[in-house]
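A short worksheet on the structure shown next.
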Amino acid sequence: MDYAKEIEDLVNLILKEGASDLHLSTGRQPIIRSAGNLIPLMKKPVLTENDMKGFSDIFLSPANKELLEIERDVDFSYNLTHARFRGNVYYRQGVLSIALRLIPKMIRTLQELNLPPILETFTRKPQGFFLVVGPIGQGKTTTLATMVEMINQTRTEHILTIEDPIEYIFESKKSIIDQREVRLDTPNFHNALTAMFREDIDVAMVGEMRDTTTIATAVTAAETGHLILSTLHTNNAAQTVDRIIDSFPSSQQDQIRVQLSGSLTGIFSQRLIPRISGGLIPAYELLINNNAVSNLIRERRTHELNTVIETSSQEGMIDMNRSLAELVRAGEITVESAYRNTLNPKTLERVI
C-alpha cells in the first residue's frame, strides 16, 4: 500500500463528508466521526499491523517514535496542503492505533461558530484568567483560537501559544504571535509559562491546564499583567473552580482561592450538539467574575455559582439550560438532545 496516497485519499473523504475525526487501528476498517457518529468505511480493507506501522512512520518524527516506544502513546500534528490534523498514536493490547482530529485551516469567527458575541469582551481585557471548559471533543480549542485571532486582528500585543501539539497555525497581523510546541520547543507547559516572564509576553494561550504547577503559574501570570486563556476538561463553571482549588494541597487552597477570586475573568463551558438540519451546534454556559462570584469563590461557596449564573442574565451571564431551551425553541436541536446534555434536568424542564 502507498501509505502517503492512502492518507491523502482518507483526508479527502473526511473533508467531503464534513467529518471531524479519523480512527485507524489494527484489525479494523478505517472509521470516521461525522456529526458525532462513528461510521466504518466499509469499502476500505481491514488494516493490518504492517499498515499501522506504515501510517505511523509517516505521522511520527524520529523523536516521537522513540517516545512512543517508551510511553506507549504520543501526540503529534500532521500537515497537508489542504488540511491539518492533531493526532495520537497509541498501543492497545500490543497493537497500534491512531486517532486523528481535523483542524480547519481557516480560523472561524464567533458568528460562524454560533458562539455568543459577548466572548469578544474577554479578548479586550488587559489581564486576567479566562477558561474554556467542557468534555473532550467539544470545540474548546477552536473557541480559544477564534479569541486569539480576534486579539491578533485588533490589538498590538505579543501573543504566546503553548500547545501539545500545535493545532491552529496563526499568521501575525497587528500582534506578534509565537507558537511553542511541548517537547519540540519546550519540555512542558510549566517551563514555557515560566519563561514567558522573560519574553515580554502580553497574552498567553495555554493548550491545557494539566498539573498544579501549570495552574499556579498561569494564575500568577494573570495577576501580574498578563491575559491568560486556557482549557480544562470539566463540565461547568462551579466544577471548574472546585477542580482548580482541589488540585492543590490543603495548605495552599486558601491562597489559590484568593488568587483565583481576583484574577479570574470568566469561565465558558460548551457542548457540541447534533443539529436537526445536520452538523453540530454549540450550547453554552458563561460565568462572568463580579463581586458576588469573587466572594463565593473566596468564601468556599462555589456550589452557589450555578444560582448566580441563572439569575444574572442581565449582566451577560448565560445559563446552559436556557441555552439548550433556546436551541429547542429555534428548531435547531431535539428535546431529547437537550436532556442528554443538561446537568440539571429538573431546571431544564422548567425553562424548555
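The values are calculated or read from the model by the stated rules, or taken from the named source; none is laboratory data. None of the values given here were measured: they were computed from a predicted structure. FYI the Cβ positions are ideal-geometry reconstructions off the backbone, even for glycines, and counts take in every protein chain you see.
General remarks:
- Of all residues in segment 110-122, those satisfying the criterion of being in contact with a strand residue (DSSP E or B) (Cβ under 8 Å, 6 or more places away or on another chain) and part of a helix (DSSP H, G or I) are 119, 122.
- Yes/no for residue 297 being part of a strand (DSSP E or B), in contact with a Ser or Thr (Cβ under 6 Å, 6 or more places away or on another chain) and modelled with pLDDT of 95 or more: no
- Per-region count, segment 294-343, residues in contact with a helix residue (DSSP H, G or I) (Cβ under 6 Å, 6 or more places away or on another chain) and not hydroxyl-bearing (Ser, Thr, Tyr): 17
- When residues of segment 192-216 are limited to those that are within 26 Å of residue 87 (Cβ to Cβ) and either charged (D, E, K, R) or surrounded by fewer than 17 Cβ atoms within 10 Å (Cβ to Cβ) (or both), the one nearest to the chain's Cα centre (by Cα): 208
- Members of segment 137-166 found to be assigned to a helix (DSSP H, G or I) and of a type outside the set (Val, Ile, Thr), listed by number: 140, 144, 145, 147, 149, 150, 152, 153
- Set 72, 28: member being modelled with pLDDT of 95 or more, outside the structural domain of residue 166 (by TED's automatic domain parsing) and either of a type in the set (Asp, Glu) or farther than 26 Å from residue 272 by Cβ (or both): 72
- Restricting the first member to segment 3-32 and to residues that are among the polar types (S, T, N, Q), and the second to residues that are in a helix (DSSP H, G or I) and modelled with pLDDT of 95 or more, the beta-carbon pairs closer than 8 Å and six or more apart or on different chains are 25/52; 26/49; 26/51; 26/52.
- Of residues in segment 312-328 being surrounded by 12 or more Cβ atoms within 10 Å (Cβ to Cβ) and without any contact (Cβ under 8 Å) to a residue 24 or more places away in the chain, the one nearest to residue 270 (Cα to Cα): 326
- Boolean, residue 75 is part of a strand (DSSP E or B), more than 26 Å from residue 283 (Cα to Cα) and acidic (Asp, Glu): yes
- Leading residue by the ranking (nearest to residue 241 (Cα to Cα)) among those in segment 253-287 that are buried (at least 22 other Cβ atoms within 10 Å of the Cβ) and of a type in the set (D, E, K, R): 285
- With a requirement of 1 or more residues that are at pLDDT 95 or above and under 23 Å from the mean Cα position of the chain (by Cα), the helices (runs of 4 or more DSSP H) lying completely within segment 300-352 that satisfy it span 305-310, 320-329, 335-341.
- Residue that is surrounded by the most Cβ atoms within 10 Å (Cβ to Cβ) [pool: residues in segment 34-72 that are in a helix (DSSP H, G or I) and among the basic types (Lys, Arg)]: 65
- Top-ranked residue of segment 75-93 - restricted to ones that are surrounded by fewer than 16 Cβ atoms within 10 Å (Cβ to Cβ) and farther than 20 Å from residue 29 by Cβ, ranked as modelled with the highest pLDDT: 79
- The single condition among (1) out of contact with any Gly (no Cβ under 7 Å at 6 or more places or on another chain); (2) within 30 Å of residue 319 (Cα to Cα) that residue 171 does not satisfy is (2).
- Every residue from segment 1-33 that is in a loop (DSSP other than H, G, I, E, B) and within 18 Å of residue 53 (Cα to Cα): 1, 2, 26, 27, 28, 29, 30
- Residue list for segment 275-294, filter: within 20 Å of the chain's Cα centre (by Cα) and either at pLDDT 95 or above or assigned to a loop (DSSP other than H, G, I, E, B) (or both): 279, 281, 282, 283, 284, 285, 286, 287, 288
- In segment 67-105, the qualifying residues are those that are polar (S, T, N, Q) and under 19 Å from residue 185 (Cα atoms), and the one that is farthest from the chain's Cα centre (by Cα) is 79.
- Scanning segment 167-212 for residues that are free of Cβ contacts under 8 Å to residues at least 12 places away in the same chain and either among the basic types (Lys, Arg) or in a helix (DSSP H, G or I) (or both) yields 191, 195, 198.
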